[in-house]
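Where a number appears in this text, it was derived from the coordinates with a stated rule and is not lab data. Every value quoted in this text rests on a predicted model; they were computed, and no experiment measured them. Because the Cβ atoms are built from the backbone with ideal geometry, glycine has one as well, and the counts that use them run over all protein chains shown.
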Amino acid sequence: MQPDTLNNTYEAITNPILRLLIYALTAAVIALSGAVVYLFKKYMEMNSDNIKALYGVADNLEKLNDHLSKE
């Protein structure tokens, strides 16, 4: 969308309630976008911890297998 078109359209809105709704919708979109980014980061951190834990289990199982095969 062209900035001039957006600006002209916004200036054409004279109803204050409609402008207030536009502000509220913009704030809601920004807040929801921030929440999605925050939750995605938390999800990635949680998965990182799980992956590290699984690698630790795999390493311990390999060590146990090597120990049992030596006996």
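What the table below lists for this structure:
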| quantity | calculated |
| --- | --- |
| Output for segment 1-35, where each listed residue is surrounded by 10 or more Cβ atoms within 10 Å (Cβ to Cβ) and β-branched (Val, Ile, Thr) | Thr9, Ile13, Ile22, Thr26, Val29, Ile30 |
| Filter result for Thr26 (free of Cβ contacts under 8 Å to residues at least 24 places away in the same chain and outside any helix (DSSP H, G or I)) | no |
| Yes/no for Ile51 being surrounded by 10 or more Cβ atoms within 10 Å (Cβ to Cβ) and in contact with a helix residue (DSSP H, G or I) (Cβ under 7 Å, 6 or more places away or on another chain) | no |
| Hits in segment 1-54 (condition: within 28 Å of the chain's Cα centre (by Cα) and among the aromatic types (Phe, Trp, Tyr)) | Tyr23, Tyr38, Phe40, Tyr43 |
